[in-house]
Amino acid sequence: MVVASMAPGSNSRGRVLPGIPVIDLSLDRSLISQLIVKTCEEFGFFKVINHRVEPSVSAQLEAAGVEFFNLPAAEKQRAGPPNPLGYGCRSIGLNGDIGDVEYLLLPADSSSISNRARIICRKDPNKFSCAVKDYVEAIKELANEILELIEEGLGLGGSGELCKLIRESGSDSLLRLNHYPSNCNRNSNSNNRKKDNDIKSKTWSKRKGRKSSRIGFGEHTDPQILTLLRSNGIEGLQILAPASGVLGSRMAWVAVPPDPTAVFINVGDTLQMTNGRLVSVRHRAMTNYYKSRMSMIYFAAPDLHAWITPLPGMITADNPQRYKSFTWAEYKTAMYSLKLGQNRLDHFKID
Ligand code: GA4
């Protein structure tokens, strides 16, 4: 019985690279829990199919996002600047990172969603907040299911340690809507010129006769516990994964083929509670020359005061504790003090 497979992945130059692990959630639970742990150990990334997030719920949020990003710039700016949440355009985080992206970064708790909806969608705040709430409810369920499976695969079945972290009422989880405009429609004004040059200098693919992609969201790992991403049918997401070649294994950017029916999952830094067993994956998003891409991303995070400390059984004589314990609030302070691509976990390493 095939429960997981490697779908062919290729970068935008068409080079075939190792595939993306696929987990079919309708299949045998004990088998998929082990496969999820295996893929989280190797890649920190996989795609799930046959999940229970209704297509209509995803479509509703996608439509709300499209409607928002189609508003005139001045109207969108009313929901910004991100401090750190809200509407942002090109500027990412607090330390000068930029990308070819505009976004809405929202808290995932119900009352904050309602409050923000009044600013984000003055025309019909109720419709916007329903779209966000329905999606958050469904995707949070999926996050719980995956964390339960991870617990089982790690042999912690039934402990509820991981699920408990994101289920608490004070959970700091976020929802992010990213819109990557197509390059061909992009209008750069003089204010953007310096930023444009910075981005161009990092342009990833330039081949004669081919329109180049630009960096939409630079490489980074996600700080939270688990990230669940759903995008429209436009490619752009890439993960840094081991690619075996003639000279052995090395790390390479692997393009993730888009699939609007699937949810892509990656391990966040905070799953280092497994003492380094599960790895947070470095990833980035490229723009598409012809088509705009939209992704909706749920970052499952604990309460600010929650302690991130190794899970039972993860510290052994052969694998002593690698990271100091920290609260999520402490980790967030470190995350906002660093640039996007910097390694935050290194700051908590035990030497
Ligand atoms: C990366 C993952 C999430 O998108 C995010 C990002 C956050 C932000 O956009 O404000 C950060 C980035 C992310 C990590 C380092 C800091 C903070 C931008 C940045 C430069 C919302 C998150 O939680 O961390």
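A few remarks follow.
- A Förster distance of 45 Å, applied to the separation of the beta-carbon atoms of Gln321 and Ser212, puts the FRET efficiency at 0.50.
- Three-way shape label, the range 10-136, alpha-carbon gyration tensor, a/c 1.5: prolate
- Checked against a 24 Å cut-off, the cross-linked pairs Lys38/Lys140; Lys76/Lys291; Lys140/Lys164; Lys47/Lys140; Lys291/Lys339 give Cα-Cα distances beyond that limit for Lys291/Lys339.
- Ellipticity estimate at 222 nm from DSSP helix runs (n ≥ 4, -39,500 (n - 2.57)) divided over the chain, nearest 500: -9500 deg cm²/dmol
- Between Lys164 and Glu219, the simple label model (points 7 Å from Cα in the Cβ direction) yields a spacing of 3.7 nm.
- The range 50-149: trypsin sites (Lys or Arg not before Pro) in DSSP loop, at most 15 other beta carbons within 10 Å: Arg52, Arg78, Arg122, Lys123
- Positive-end residue of Leu149, Tyr180, Ser159, charge dipole of the range 146-187 with Cβ unit charges: Tyr180
- Rounded to 0.05, the FRET efficiency of the Asn95 and His347 pair, given R0 = 25 Å and the Cβ-Cβ distance, is 0.95.
- Computed from backbone phi, the HN-Hα couplings of the range 334-351 come to 5, 5, 7, 8, 10, 7, 3, x, 6, 8, 7, 4, 3, 6, 10, 5, 9, 6 Hz, rounded to whole numbers (Karplus: 6.51 cos²θ - 1.76 cosθ + 1.60, θ = phi - 60°; Gly and Pro given as x).
- Among beta bridges that DSSP assigns inside the chain, antiparallel share in %, nearest 5: 95 percent
- Simple point charges give the picture: +1 on the Cβ of Lys and Arg, -1 on the Cβ of Asp and Glu, and for the chain a dipole about the Cα centre of about 1980 debye.
- Gyration tensor (alpha-carbon) shape descriptor, the chain, a/c threshold 1.5: rounded
- Considering only Leu27, Leu35, Leu229, the Gaussian network model of the chain with Cα springs below 10 Å gives its largest mean-square fluctuation to Leu27.
- Listed values for the range 134-151 are Karplus-derived 3J(HN,Hα) couplings in whole Hz (6.51 cos²θ - 1.76 cosθ + 1.60, θ = phi - 60°), namely 4, 5, 4, 4, 5, 6, 5, 4, 5, 4, 4, 4, 5, 5, 4, 5, 5, 4, and x replaces Gly and Pro.
- Evaluated with a Cβ-only charge set (Lys, Arg +1; Asp, Glu -1), the range 265-324 carries a dipole of roughly 340 debye about its Cα centre, given to the nearest 20.
- Distance between modelled label sites at Trp307 and Asn115, nm, 7 Å Cα→Cβ extension: 3.0 nm
- Net length gained if the chain between Leu31 and Glu67 were fully extended (0.36 nm per residue, minus Cα distance): 8.8 nm
- The slack between Tyr336 and Ser182, meaning 0.36 nm per residue of separation minus the straight C-alpha distance, is 52.6 nm.
- Cα shape, the range 71-118, gyration tensor, a/c 1.5 rule: oblate
- Within the range 52-75, backbone nitrogen closer than 12 Å to the virtual label 7 Å beyond the Cα of Lys123 toward Cβ: 64-72
- Under the Karplus curve 6.51 cos²θ - 1.76 cosθ + 1.60, θ = phi - 60°, whole-Hz ³J(HN,Hα) for the range 262-279, x wherever Gly or Pro sits: 9, 10, 9, 10, 10, 6, x, 3, 5, 6, 5, 4, 8, 6, x, 5, 9, 10
Taken together, the values in this text are just the output of simple stated rules run on the coordinates, not laboratory data. Note that the structure is a prediction, hence the values are computed from the model and not measured. No Cβ is skipped: glycine too gets one built from the backbone with ideal geometry, and neighbour counts run over all protein chains shown.
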